[in-house]
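The values are calculated or read from the model by the stated rules, or taken from the named source; none is laboratory data. Because the structure is predicted, anything quoted here is derived from the model rather than measured. No Cβ is skipped: glycine too gets one built from the backbone with ideal geometry, and neighbour counts run over all protein chains shown. SASA here: full protein model, heavy atoms, side chains in, ligands and nucleic acids out. Shrake-Rupley method; radii C 1.70, N 1.55, O 1.52, S 1.80 Å.
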Amino acid sequence: SQQGEEDPQALSIQEGENATMNCSYKTSINNLQWYRQNSGRGLVHLILIRSNEREKHSGRLRVTLDTSKKSSSLLITASRAADTASYFCATRNRDDKIIFGKGTRLHILP
Amino acid sequence: GEEVAQTPKHLVRGEGQKAKLYCAPIKGHSYVFWYQQVLKNEFKFLISFQNENVFDETGMPKERFSAKCLPNSPCSLEIQATKLEDSAVYFCASSRVGYSNQPQHFGDGTRLSIL
C-alpha cells in the first residue's frame, strides 16, 4: 500500500475560502514535506515539518503533524486563483526513502 | 544554473525504439533523483545519484532502464526497447545534500509518448 495518501483526491472551493488537505502514512518518518505541482510543471517545495514538530506556518500555509495518528494536514488560508494546482505530501522514513502520495487536485473557483 | 533543466520537453518514440532523457541539476547540487509520473498521479522513484555514483537504484526496472551522471555532462535516463506503458512524464530533481531535511528541486519534466 502507498505511504503518503492524500485526501481528498480533488477539492473545489471558492476564492477566498480556506482549503484543507490531509495526508496519511504508514511507517515512522523523519520528516514530512508538502509540494505543489502546477499543470505541466515540476514539483515546488512548500514546507517541511520534522517528526518532533506539531505545527508549522509559512505565509498562508499551515501544516500540522500528528505522529500518533500518522497524519498531516495542509491548510491554505484565503485561497487565490493561483493556488489552483495539485498538492503532494512526501514522507522520509527512517531508511531515508522519500515517498510521494497520489496528490490532491485543488481548484479555486473565481 | 539556478534551475534543474530537463531536455527535451517532449519526446515521441515508436514502440521498441530507444528513448534518452537528459537532466542538468542545479550547480552545486550533489544529488540527482529521477521520478516517473503516470497520468498526473504519484511520483514513482526510479534512481538517485551522489555525483556520478549510483546512490539508490531500488526503483529502477531491472531491464531496459539505465541511467548515468558523468562529470561535466548532463545526467541521462535511457530506456531501451520502449513499451507503451513507459509513456509518462519523467522528472529529475536535485538537492544540495542527499538524505536529510533538504528539499528537492524539480525540473519541469520530459513527457515521453510511446506510440
Across (1) at pLDDT 95 or above; (2) closer than 21 Å to A:K102 by Cα, B:T58 clears everything bar (1)
For segment B:22-40, name all the residues that are open to solvent by 60 Å² or more (accessible area, probe 1.4 Å) and over 16 Å from B:A5 (Cα atoms).
-> B:L39, B:K40
Determine which single condition B:E42 fails, assuming it passes every other condition in (1) charged (D, E, K, R); (2) within 12 Å of the chain's Cα centre (by Cα); (3) within 10 Å of chain A (Cβ to nearest Cβ).
-> (2)
Check whether at least one residue in segment B:51-66 is in contact (Cβ under 8 Å) with a residue 24 or more places away in the chain and in contact with a Cys (Cβ under 6 Å, 6 or more places away or on another chain), and report yes or no.
-> no
Residue check: is A:T91 away from chain B (no Cβ under 11 Å), under 23 Å from B:A93 (Cβ atoms) and not in a loop (DSSP other than H, G, I, E, B)?
-> yes
What is the number of the single condition among (1) open to solvent by less than 60 Å² (accessible area, probe 1.4 Å); (2) within 14 Å of chain B (Cβ to nearest Cβ); (3) within 30 Å of B:A88 (Cα to Cα); (4) polar (S, T, N, Q) that A:S73 does not meet?
-> (2)
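Conditions tested, residue by residue: (1) closer than 17 Å to A:A78 by Cα; (2) part of a strand (DSSP E or B); (3) within 10 Å of chain B (Cβ to nearest Cβ).
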residue	(1), (2), (3)
A:L11	yes, yes, no
A:G16	yes, no, no
A:N22	no, yes, no
A:N31	no, yes, yes
A:V44	no, yes, yes
A:L48	no, yes, yes
A:N52	no, no, no
A:R62	yes, yes, no
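From the residues in segment A:1-60 that are among the acidic types (D, E) and open to solvent by 70 Å² or more (accessible area, probe 1.4 Å), which one is nearest to the chain's Cα centre (by Cα)?
Taking segment A:1-60 as the starting set, the residues that turn out to be among the acidic types (D, E) are A:5-7, A:15, A:17, A:53, A:55.
Still in the running and open to solvent by 70 Å² or more (accessible area, probe 1.4 Å): A:7, A:15, A:17, A:55.
Details: A:D7: 9, A:E15: 19, A:E17: 17, A:E55: 13 Å.
If we take residues in segment A:1-60 being among the acidic types (D, E) and open to solvent by 70 Å² or more (accessible area, probe 1.4 Å), then A:D7 is nearest to the chain's Cα centre (by Cα).
Can B:D108 be described as more than 10 Å from chain A (Cβ to nearest Cβ) and either surrounded by fewer than 19 Cβ atoms within 10 Å (Cβ to Cβ) or charged (D, E, K, R) (or both)? If you could, list the steps in order and put the result at the bottom.
Working: more than 10 Å from chain A (Cβ to nearest Cβ): no; either surrounded by fewer than 19 Cβ atoms within 10 Å (Cβ to Cβ) or charged (D, E, K, R) (or both): yes.
Considered against the rule, which asks whether it is more than 10 Å from chain A (Cβ to nearest Cβ) and either surrounded by fewer than 19 Cβ atoms within 10 Å (Cβ to Cβ) or charged (D, E, K, R) (or both), B:D108 comes out as no.
Rundown of residues vs (1) of a type in the set (S, T, N, Q); (2) free of Cβ contacts under 8 Å to residues at least 40 places away in the same chain; (3) farther than 22 Å from B:V97 by Cα, yes/no style:
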{"residue": "A:E53", "(1), (2), (3)": "no, yes, no"}
{"residue": "A:D66", "(1), (2), (3)": "no, yes, yes"}
{"residue": "A:L75", "(1), (2), (3)": "no, no, yes"}
{"residue": "A:A78", "(1), (2), (3)": "no, no, yes"}
{"residue": "A:D83", "(1), (2), (3)": "no, no, yes"}
{"residue": "A:I99", "(1), (2), (3)": "no, no, no"}
{"residue": "A:L106", "(1), (2), (3)": "no, no, yes"}
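Just checking, which of B:V97, B:V54, B:V89 is β-branched (V, I, T), surrounded by fewer than 16 Cβ atoms within 10 Å (Cβ to Cβ) and outside any loop (DSSP other than H, G, I, E, B)?
Only one candidate qualifies: B:V54.
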